[in-house]
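Let me begin by presenting the structure, written as structure tokens, before commenting on it.
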Amino acid sequence: MKRLFKQFSFPGGIPSHVAPETPGSIHEGGELGYAVSHAYGAAYDNPNLVVSCVVGDGEAETGALATSWHSNKFLNPLTDGVVLPILHLNGYKIANPCVLARISHQELDQLFRGYGYTPHFVEGSDPEKMHQLMAATLDKIFDDIQRIKADAKRTGGMKRPLWPMIILRSPKGWTCPKEIDGKRTEDYWRSHQVPMGEMHEKPEHIKILEKWMKSYKPEELFDKTGRLKPELAELPPKGNRRMSANPHANGGLLLKDLVLPDFCDYAVAVTKPGAISAESTRVMGKFLRDTMKLNMQTSNFRLFSPDENNSNRWQDVMEITNRAWMADSYPYDDHLAPDGRVMEMLSEHQCQGWLEGYLLTGRHGFFSCYEAFIHIIDSMFNQHAKWLKVCHHIPWRRPIASLNYLLSSHVWRQDHNGFSHQDPGFIDHVVNKKADVVRVYLPPDANTLLSVTDHCLRSRNYVNVVVAGKQPAPQWLTMDEAIKHCTAGIGIWEWASNDKGGEPDVVMACCGDVPTLETLAAVDLFRRYLPALKIRVINVVNLMKLQPESEHPHGLSDHDFDALFTKDKPIVFAFHGYPWLIHRLTYRRTNHKNLHVRGYKEEGTTSTPFDMVVMNDLDRFHLFGDVIDRLPQLGSRAAYAKQAIRDKLLEHKQYIAKYGEDMPEITDWQWGQQASAGTKRRSSTEGDNV
Ligand SMILES: Cc1ncc(C[n+]2csc(CCOP(=O)(O)OP(=O)(O)O)c2C)c(N)n1
């Protein structure tokens, strides 16, 4: 017993909150707000599971928890399990009363009926009576659950049931001393976590503690040697029926590999670099559609999005399934059904919480989100990444499917939505986490995105962040090339470089679809204006390749890094996100002093796609100028070219002010062709709801 107590919240022991170390848990108790959405995530596609979920009245005040009551509109009584929320009104948080504990019974009752639940109140402070009341209420609730399930079977499960919930009102710090040092403690916020301290200074506190502990009559529970009495040890369930051994709470035990189609079957037919265009995420959507199809039988794959599934171009998935929906529906609704496998609610918290619950109980999923708004769940990502990090060191925790994000509708193509929708900072946040947990991919085209997607769906115990655009964009690599490029994660694009067999004058690196386009367009300008310049083009798909190998398992060795980026040549690096991140990842590299990074520098508004890159100095003309500035040896030859380019920028501004769109020589630009020779490209597909 000494050992048990000593390890609790003790250096080197176990945390005071429920944590990965706690058998039977999928839910870290530290950061409040996610209990109900985790519970629903666990219940989806687990028709025989009842997930009871205790919610503190303080936790119930958080934004994430407040929205999560609505999860019942997405729960199918035929194919999903049940969540039994137990709202615990103990009246107080750390130092304040709780809102839900201080509204009238009627208001409370109506609130939860309004959320679609049937509340059962269990209220009081006499332990004996409360135990009986709770037991009787649970009996009634489990009968109701069985009846609801049977009704659903009989009627086809099209109607949303009013699921039961419990509202438990009991004193905070129930059965602790009523007062300590003359101050109200039981049934008050003072009982939160540590009702008294100063055990060394105040011997009377030891006395209080002793009296308090003895009030539980340990002599009735344990024998003289401190062992639990056998008749009591008999009471809990056996084997996997024990809470701690429930396999749902160690999801890897239940995890089945996804059946994946061959991603090469979805390849965009690239005959030569840049000749055709495609919407990368729409191509990914076709692959996900068939992934969905192949796993319908096992019901272990879902997609999650805050109302952006189609906007991010995954609509082909609707050929196979629908959006989950148990609320009212109308004949003209678009792909809503009780058994839909696409989870859409306008709450990033919900999508994240549901997906975490779903993954932690041994299933698979993908979350698609506008890049700017994924920040809403920064903190939830933190907690999941921490959970995974700790699990790496707990041998009995079996690997679970990775948490996969597609961040689309990204910073560079928020033409109409403007500044509010322009923020590529989630990746800065993500790379703070342990290298053995996070992966960040920026595939430059559809074929690389397919290869990355396949990889993410097969991986385990990671958080994979994939950033890819949804608008029509030039396609660079054949599937063969894409696989090689993604396998390496970084590489020289030979067809775009002209330094083979010698030394480059400059390295032009790019990471992200739009920076890749602008880099290649800049290289094209050099072909025209300064063809003798030796340029090496490097593309980065796997951002973590830039880190030293000592920092990240994907990191390039210094030797390989130097071979690619040279030890002394200027590097102009066009990056999708904030430029500082590239510096952060490469500051130890030999040639860091020659690294000049362009990226998003918080300049944005409603404008054309090309103007977005111009505002942030990431456009082909600025990149061209950057190279010239770093190669003084070009001398006056370059001065004319630079002037021509400067004039282009002025022309661009005048043109967009007049026509509201980019110049044809920008939109129709094709790699290796004269501007006029290209066919008019469609630069956006806003018809698909922006
Ligand atoms: C998101 C978040 N904000 C703040 C805290 C700090 N905090 C820890 S416990 C607590 C009060 C919780 O009250 P309640 O949910 O009613 O739980 P109780 O301890 O009363 O059962 C707070 C604010 C936290 N853990 N998580």
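Please go through the range 172-223 and pick out each residue that is within 23 Å of Val54 (Cβ to Cβ) and surrounded by 18 or more Cβ atoms within 10 Å (Cβ to Cβ).
Within the range 172-223, Lys172, Gly173, Cys176, Thr185, Glu186, Asp187, Tyr188, Trp189, Arg190, Ser191, Pro195 qualify.
Criterion first (at positive phi and modelled with pLDDT of 95 or more) does Gly489 satisfy it?
Yes.
Of the residues in the range 1-35, how many are within 20 Å of Lys386 (Cα to Cα) and either charged (D, E, K, R) or not in a loop (DSSP other than H, G, I, E, B) (or both)?
6
Scan the range 255-282 and report the pairs whose first residue is closer than 23 Å to Asn310 by Cβ and whose second residue is surrounded by fewer than 19 Cβ atoms within 10 Å (Cβ to Cβ) and hydroxyl-bearing (Ser, Thr, Tyr), with Cβ atoms within less than 7 Å and a gap of 6+ or a chain change.
Filtered contacts from the range 255-282: Glu279/Thr685.
Among the residues of the range 168-185, how many are assigned to a loop (DSSP other than H, G, I, E, B), out of contact with any strand residue (DSSP E or B) (no Cβ under 7 Å at 6 or more places or on another chain) and more than 13 Å from the ligand (Cβ to nearest atom)? Walk me through how you get there before you give the answer.
Our first condition is that a residue be assigned to a loop (DSSP other than H, G, I, E, B); within the range 168-185, this holds for 170-178, 181-182, 185.
Imposing the further condition that a residue be out of contact with any strand residue (DSSP E or B) (no Cβ under 7 Å at 6 or more places or on another chain) reduces the set to 170-171, 173-178, 181-182.
When the remaining residues are screened for being more than 13 Å from the ligand (Cβ to nearest atom), the result is 175, 177-178, 181-182.
Total meeting the criteria: 5.
Just to confirm my filter: which strands (runs of 3 or more DSSP E) fall fully inside the range 503-581 and include at least 1 residues that are among the aromatic types (Phe, Trp, Tyr) and modelled with pLDDT of 95 or more?
Per the criteria, 571-575.
Specify which of the listed residues (Ala269, Ala278) is under 21 Å from Ser684 (Cα atoms), at pLDDT 95 or above and crowded, with 18+ Cβ neighbours inside 10 Å. I'd like the intermediate steps shown before the answer.
Working: Ala269 fails: crowded, with 18+ Cβ neighbours inside 10 Å.
Within the list Ala269, Ala278, the selection yields Ala278.
When the residues of the range 22-52 are narrowed to those that are under 23 Å from His393 (Cβ atoms) and over 23 Å from the mean Cα position of the chain (by Cα), which ends up nearest to the ligand (Cβ to nearest atom)?
Looking at residues that are under 23 Å from His393 (Cβ atoms) and over 23 Å from the mean Cα position of the chain (by Cα), I get Thr22.
Does Asp144 fit the bill of being under 28 Å from Val122 (Cβ atoms), assigned by TED's automatic domain parsing to the domain that holds Val51, among the acidic types (Asp, Glu) and more than 16 Å from the ligand (Cβ to nearest atom)?
On the way: under 28 Å from Val122 (Cβ atoms): yes; assigned by TED's automatic domain parsing to the domain that holds Val51: yes; among the acidic types (Asp, Glu): yes; more than 16 Å from the ligand (Cβ to nearest atom): yes.
Judged against the criteria, Asp144 is a match.
Do any residues in the range 542-568 that are assigned by TED's automatic domain parsing to the domain that holds His455 have Cβ atoms under 6 Å from those of residues that are exposed (fewer than 15 other Cβ atoms within 10 Å of the Cβ) and part of a loop (DSSP other than H, G, I, E, B), where the two are at least six apart or on different chains, and which pairs are they?
Matching pairs, first to second residue: none at all.
Could you run through the range 612-632 and say how many residues are touching a residue at least 40 places away in the same chain (Cβ under 8 Å), farther than 18 Å from Arg527 by Cβ and surrounded by fewer than 21 Cβ atoms within 10 Å (Cβ to Cβ)?
Count: 1.
Would you point out which residue out of Thr361, Thr321 is of a type outside the set (D, E, K, R), over 27 Å from Gly418 (Cα atoms) and surrounded by 24 or more Cβ atoms within 10 Å (Cβ to Cβ)?
Thr361
Report whether or not Phe10 is of a type in the set (A, V, I, L, M, F, W, C) and either modelled with pLDDT of 95 or more or near the ligand (Cβ under 9 Å from one of its atoms) (or both).
Values: of a type in the set (A, V, I, L, M, F, W, C): yes; either modelled with pLDDT of 95 or more or near the ligand (Cβ under 9 Å from one of its atoms) (or both): no.
Answer is no for this residue.
When you check Asp499 against the structure, is it among the charged types (D, E, K, R), in contact (Cβ under 8 Å) with a residue 12 or more places away in the chain, assigned by TED's automatic domain parsing to the domain that holds Asp560 and closer than 23 Å to His375 by Cβ, yes or no? Quick ask: steps written out before the conclusion?
Numbers: among the charged types (D, E, K, R): yes; in contact (Cβ under 8 Å) with a residue 12 or more places away in the chain: yes; assigned by TED's automatic domain parsing to the domain that holds Asp560: yes; closer than 23 Å to His375 by Cβ: no.
No: the conditions fail for Asp499.
Looking at Phe304, is it over 24 Å from His384 (Cβ atoms), outside any loop (DSSP other than H, G, I, E, B), of a type in the set (A, V, I, L, M, F, W, C) and in contact (Cβ under 8 Å) with a residue 60 or more places away in the chain?
no
Consider Gln414 carefully, then state whether it is at pLDDT below 95 and outside the structural domain of Gly512 (by TED's automatic domain parsing).
Yes.
Any idea which of (1) in a helix (DSSP H, G or I); (2) under 13 Å from Thr453 (Cβ atoms) is the one Asp316 doesn't satisfy?
Every condition holds for Asp316 apart from (2).
Restricting to the range 580-601, name every residue that is without any contact (Cβ under 8 Å) to a residue 24 or more places away in the chain and within 16 Å of His622 (Cβ to Cβ). So that I can check it myself, show each step before the final result.
Within the range 580-601, the first condition is being without any contact (Cβ under 8 Å) to a residue 24 or more places away in the chain, and the residues that meet it are 583, 587, 592-593, 601.
Answer for the range 580-601, where residues must be without any contact (Cβ under 8 Å) to a residue 24 or more places away in the chain and within 16 Å of His622 (Cβ to Cβ): just Lys601.
Identify, by number, the condition in (1) within 14 Å of the ligand (Cβ to nearest atom); (2) surrounded by fewer than 21 Cβ atoms within 10 Å (Cβ to Cβ); (3) not basic (Lys, Arg) that Glu107 doesn't meet.
For Glu107, the failing item is (1).
Considering each of Val82, Val55 in turn, give the residue that is crowded, with 20+ Cβ neighbours inside 10 Å, of a type in the set (Val, Ile, Thr) and more than 8 Å from the ligand (Cβ to nearest atom).
Of Val82, Val55, the one residue that is crowded, with 20+ Cβ neighbours inside 10 Å, of a type in the set (Val, Ile, Thr) and more than 8 Å from the ligand (Cβ to nearest atom) is Val82.
Quick check: anything in the range 458-467 in a helix (DSSP H, G or I) and among the charged types (D, E, K, R)? Even if it seems obvious, please write down each step before you answer.
Step one: list which residues in the range 458-467 are in a helix (DSSP H, G or I), which gives 458.
Adding the requirement that they be among the charged types (D, E, K, R) leaves 458.
Checked against the condition, which is being in a helix (DSSP H, G or I) and among the charged types (D, E, K, R), the range 458-467 yields at least one hit.
I'm trying to understand the selection: among the residues of the range 376-420, which are away from the ligand (no atom under 16 Å from the Cβ), surrounded by fewer than 18 Cβ atoms within 10 Å (Cβ to Cβ) and more than 18 Å from Ser25 (Cα to Cα)?
Passing the criteria: His416, Asn417, Gly418, Phe419, Ser420.
Looking at the range 58-79, which of its residues are within 16 Å of the ligand (Cβ to nearest atom), over 22 Å from the mean Cα position of the chain (by Cα) and buried (at least 22 other Cβ atoms within 10 Å of the Cβ)? Show your work before the answer.
Let us first name the residues in the range 58-79 that are within 16 Å of the ligand (Cβ to nearest atom), namely 58-69.
Narrowing further to those that are over 22 Å from the mean Cα position of the chain (by Cα): 58, 60-61.
If the condition is that a residue be within 16 Å of the ligand (Cβ to nearest atom), over 22 Å from the mean Cα position of the chain (by Cα) and buried (at least 22 other Cβ atoms within 10 Å of the Cβ), then Gly58, Ala60 are the ones that fit.
When you scan the range 377-390, do you find a residue that is of a type outside the set (A, V, I, L, M), in contact with a His (Cβ under 7 Å, 6 or more places away or on another chain) and not in a strand (DSSP E or B), even just one?
Yes, the range 377-390 contains at least one residue that is of a type outside the set (A, V, I, L, M), in contact with a His (Cβ under 7 Å, 6 or more places away or on another chain) and not in a strand (DSSP E or B).
Within the range 456-476, can you find the residues that are touching a Phe, Trp or Tyr at 6+ places or on another chain (Cβ under 8 Å) and closer than 17 Å to Leu303 by Cα?
Once the filter is applied, which keeps residues that are touching a Phe, Trp or Tyr at 6+ places or on another chain (Cβ under 8 Å) and closer than 17 Å to Leu303 by Cα, the range 456-476 yields Cys456, Leu457, Val463, Asn464, Val465, Val466, Val467.
The values are calculated or read from the model by the stated rules, or taken from the named source; none is laboratory data. Since the model is a prediction, treat every value here as computed from it, not as a measurement. Quick reminder, even Gly has a Cβ in these numbers, built from the backbone with ideal geometry, and neighbours come from all protein chains shown.
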